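Taking it in order: structure first as structure tokens, then the write-up.
The values are calculated or read from the model by the stated rules, or taken from the named source; none is laboratory data. In this text the structure is predicted, and so the values were computed from the model without any measurement. Cβ: placed from backbone, ideal geometry, glycine included. Neighbour counts: every protein chain shown. When the accessible area is computed, the model is the full protein with side chains, heavy atoms only, and any ligands, DNA or RNA have been set aside. Shrake-Rupley method; radii C 1.70, N 1.55, O 1.52, S 1.80 Å.
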Amino acid sequence: RQVKVRVTEVEQPAPEQASEKKREEREFTEAEAEAAKEKVISFLNEYFSKLGLSLDIKSYVEDNILKFDITGENAGIVIGYRGETMEALQMLAGTIANKNVDNYIRIVIDIEGYRKKRIKALEELALKRANVVVAKRKSITLEPMNPFERKAIHSALQNHPKVKTASTGVEPYRKVVISLK
């Protein structure tokens, strides 16, 4: 049957303009890291005390990222469903740490080793779904995931000989599609 298609061009910002909006990630100094660390720890302690929790916070710098490991009794409450509360805390901590600073400092919060466990579970899921794609010769679209989870799926399958991955959709509903090469 015949169809009519109407195409309209949508203006995209020039690459220079897009990069100007995003702050460059540069090496931050020890003083900047210490100031950010104090702000974040103060924020987290206040948040945890309001929840009636007493949690231990350890911080360190690794690969130009300021990381916080949180442990303690009932820390799982702060992880939330599939890490949503932890992701929100990380976003808030990043906003607080980078307020009125020259160099952007990336913040990563991990509670009770949740990130490592989640990466392992996502890698297993990715391999299982890749095997299904190869067997059925049909693409599979996974559920919506946050950037951290999508990156874990992409990384797990990047060297797979028979499948490829791509992200599709708009935040917060972006999904990973696994398809044959």
Region 77-181, accessible surface, carbon-and-sulfur percent (1.4 angstrom probe): 54 percent
Nearest-10 value in Å² for the accessible area of residue 118, using the 1.4 Å probe: 40 Å²
Most fluctuating residue given options 129, 137, 115, as computed from a GNM of the chain linking Cα atoms under 10 Å: 137
Charge-dipole axis of the chain as Lys and Arg at +1 and Asp and Glu at -1 on Cβ define it, positive-most pick from 160, 122, 96: 160
Listed candidates (i) 48, 38, 26; (ii) 65, 40, 29; (iii) 74, 40, 26 - label of the one calculated as Cα extents along the principal axes in Å: (ii)
Pairs beyond 30 Å (Cα-Cα), from 37/128; 50/128; 58/120; 4/162; 67/136: 37/128; 50/128; 4/162; 67/136
Listed residues 69, 102 arranged by accessible area, highest first, probe 1.4 Å: 102, 69
Degrees between helix 30-50 axis and first principal axis of the chain (Cα, 0 to 90, nearest 10): 90 degrees
Relative packing of peptides 103-111, 51-59, 36-44 - highest average C-beta neighbours within 10 Å first: 103-111, 36-44, 51-59
Where the chain is the region considered: accessible area per residue in Å², 1.4 Å probe: 70 Å²
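Please figure out what share of the DSSP beta bridges in region 58-180 is antiparallel and state it in percent, rounded to the nearest 5.
Of those bridges, close to 70 percent are antiparallel.
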Degrees separating the helix 147-157 axis from the principal Cα axis of the chain, which is the longest one: 50 degrees
